[in-house]
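Asker: Input: one structure, supplied below.
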Amino acid sequence: MPNLGLIVEDHRDTRERLVRLLGTAFEGIVVQAVDTLAAARTHIQPGLDIALLDIELPDGSGLSLIPELLAGAPGCRPVVMSTYGDDQHLFPALRAGAKGYLLKADPDARMIASLHQAAVGEAPLSPAIAQRILGFFAEGAKEKEDEVLSPRERETLILVAKGYKIPEVAAQLGIAQSTAQSFIKRIYQKLQISSRAEAAIEAARRGLVGTQL
């Protein structure tokens, strides 16, 4: 269960709502809530578990903070919280390393369920975002259907989509960590993806895991 959270949101009402939702989702969590990138950077630390990020902030894009979070707080789950559900905001967020993408218009109950998903290593997506992504793949990425994954690569993709890290993938498959890392690299190259969130989406699109997005 997350013990330390960070919220980066410049609108006070939304910021207060997100603080409340994190507190409801994870009893006892300590939440730091700020309204700028500069303030957020002072709270990046190894113990940070989850970060909820707005995109448009007074001093830049919240997406620029994601690589810093992943480097300074390796166990952190950065989740984008946005009013935008279009490709121009969604796909850059996933490419930056976001572990989920939620719309601020989602009701509280749905938001809390999504936060629980993020905490256990899943990639939470608002229903409208999930539909947009699946539609994108159906319309524009049909050529990937012909990209053949070996049985071992399919098993690896399933584990990565479920949030398993390299040592856990290796243990599950009974292979060396270097071999697991090689499988993951090859899968990312074949499917032209670059994050676990995209791996989860691709695995769901191929019917390898459930579509609980």
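Asker: Taking the 0 to 90 degree range and rounding to the nearest ten, how far is the long axis of helix 127-140 tilted relative to the main principal axis of the chain, both from C-alpha atoms?
Answerer: The angle comes out near 40 degrees.
Asker: Ignoring everything except DSSP H segments at least 4 long, calculate the 222 nm mean residue ellipticity for the chain; use -39,500 (n - 2.57) per segment, divide by total residues, nearest 500. Walk me through the numbers before you get to the answer.
Answerer: Working: 10 runs with 106 residues, N = 213.
It comes out at -15000 deg cm²/dmol, rounded to the nearest 500.
Asker: Still on this model: Report the full-extension gain for the segment Leu208 to Leu134: residue separation times 0.36 nm, less the Cα-Cα distance, to one decimal in nm.
Answerer: 25.2 nm
Asker: Here is a further query. Let me check I've understood the local charge: for Asp35, count other residues with C-beta under 10 angstrom from its C-beta, Lys and Arg +1, Asp and Glu -1. What total comes out? Before the final figure, lay out the partial values.
Answerer: On the way: positive: Arg12, Arg15; negative: Glu9, Asp10, Asp54, Asp59.
Computed value for this residue: -2.
Asker: Hey, what do the phi angles of region 175-189 turn into as Karplus ³J(HN,Hα) couplings, whole Hz, using 6.51/-1.76/1.60 and θ = phi - 60°, x for Gly and Pro?
Answerer: With coefficients 6.51, -1.76 and 1.60, one gets 10, 6, 4, 5, 5, 4, 4, 5, 4, 4, 4, 5, 4, 4, 5 Hz.
Asker: Skipping prolines and chain starts, which residues have an amide H placed within reach, meaning under 5 Å, of the one on Val31, given they are 5 or more residues away or on another chain?
Answerer: Hits under the 5 Å cutoff: Gly5.
Asker: Another question about this same structure. Just to check I understand the Karplus step: with θ = phi - 60° and J = 6.51 cos²θ - 1.76 cosθ + 1.60, what whole-Hz values come out for region 36-50, glycine and proline as x?
Answerer: 9, 5, 4, 5, 4, 5, 6, 10, 6, 8, x, x, 5, 9, 8
Throughout, read-outs are computed from the coordinates displayed, never taken from laboratory work. The structure presented is a predicted model; accordingly, all values stated were derived computationally and were not measured. Don't worry about glycine lacking a Cβ; one is built from the backbone with ideal geometry, like all the others, and counts go over all protein chains shown.
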